[in-house]
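Inspection log for the structure reproduced underneath, given as structure tokens.
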Amino acid sequence: MKTKEVHIGDRVIGGGNPVLIQSMTNTKTEDVASTVAQILKLEKAGCDIIRCTAPTMEAAKAIGEIKKQIHIPLVADIHFDYKLAIASIENGADKIRINPGNIGSRDRVKAVVDCARERNIPIRVGVNSGSLEKDLLEKYGGVTAEALVESALKEAAVIEDIGYDNLVISIKSSDVLTAVKAHELIAKKTDHPLHVGITEAGTLKRGLIKSSIGLGLILSQGIGDTIRVSLTADPVEEVYAAKEILKTLGLRRGGIEVVSCPTCGRTQIDLIGLAEQVEKIAAEYDDLDLKIAVMGCVVNGPGEAREADLGIAGGKGVGLLIKNGESKKYPENELLGALRNELDQIRAGK
């Protein structure tokens, strides 16, 4: 579904541009050093756009200092107090997230919109299943996809009626199927870019499953311009998950794909530990576009590993490192070092 282009700092979403990855800091925004340190880690992991909460004037003013030390666009998240939205914009936020319904009167919303217009920065209108208006809950008999869509379009209309359409819309639910249906409906009703995610997805394991299914169903239909995987975990995990979802759907290339076989009774190497360590190493070579196979036995391992750019096939205390169909045996404790050496050579173009 083609949407309008929206510029967020030096990044662009919508208009057929690649789907960009977002995350949100969980530090106190007022703590500039901690917030910057977390953002730099997220940048390294592959985050394209970062969001910080601005619940106080001190936090809003800290945005300016944070921006000086990071390299990706910053979105300020504001609720209730329109003055915080204005202060965040004045201190350099590249985009703001508000819900006009909780900002207050039309005059207050207009003050925020006018400030955003002066700097031509986008406004993300966000509606969650937990923030639906009472009249819509009564109209639809609870939280439904239709209610989410009506609420989001109504909130967007408030800003459009003021004469500003530099908008991004998000409609999030913790219920996967409700979220999917809501995105299918709203994609037919607006050309504003859509920020997609399954809100309050849960802890790392449960949240990854819910987010992968929900985002997979939505993105596979061509719906969505930027995503956040919401996890009760280190935000870096959100970025790793988002990258894998996009790669799996063919929406992003680059970076190393690690495939590994399930363990079985034939496994004679610490395959779980080995695969986890290979994934950590691979994350350091995100500039390379290749596949690494980690296999645990001599039955299928060598053959399957040869189909990848690099492969490891484990045996008892030893393993094969396979490249271009050629294999070399290493002691188990030297396999990872040999793999890293090969990756360094590929990076150097040798």
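One table, with the values for the structure above:
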item	result
Most mobile of Lys67, Lys328, Lys44 in a GNM of the chain (Cα contacts under 10 Å)	Lys328
Of Lys2/Lys41; Lys95/Lys210; Lys243/Lys280; Lys291/Lys329, those spanning more than 22 Å from alpha-carbon to alpha-carbon	Lys2/Lys41; Lys95/Lys210
GNM flexibility winner over the chain from Pro193, Pro331, Pro100 (Cα, springs under 10 Å)	Pro331
Dimensionless Rg/Rh of region 12-59 - Kirkwood Rh, Rg from C-alpha atoms	1.06
The chain - convex hull of alpha carbons, volume per residue in Å³	143 Å³
Folded to 0 to 90 degrees: helix 335-347 orientation relative to the chain principal axis, Cα	60 degrees
Probe 1.4 Å, all protein chains present, accessible-area order of Tyr240, Tyr82, Tyr285, Tyr140, largest first	Tyr240, Tyr140, Tyr82, Tyr285
Helix 32-45 vs. the chain, principal-axis angle (Cα, 0 to 90°, nearest 10)	50 degrees
Interchain or long-range residues, amide H under 5 Å from Thr232's placed H	Gly202, Thr203, Leu204
Region 134-272 - Rg over Rh from alpha carbon coordinates, Kirkwood radius	1.08
Percent of Cα pairs exceeding the 17 Å cut-off, where the set is region 119-172	36 percent
Prolate/oblate/rounded call for region 1-96, Cα gyration tensor, a/c under 1.5 rounded	oblate
Directionally averaged shadow of region 31-179, computed from the convex hull of its alpha-carbon atoms, nm²	9.3 nm²
Beta bridge orientation in the chain: antiparallel %, DSSP, nearest 5	25 percent
GNM flexibility winner over the chain from Asn120, Asn324, Asn102 (Cα, springs under 10 Å)	Asn324
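The values are calculated or read from the model by the stated rules, or taken from the named source; none is laboratory data. Nothing here was measured: the structure is a model prediction, and the numbers come from that model. Calculation scope for accessible area: heavy atoms of the full protein, side chains included, ligands and nucleic acids excluded. Shrake-Rupley method; radii C 1.70, N 1.55, O 1.52, S 1.80 Å.
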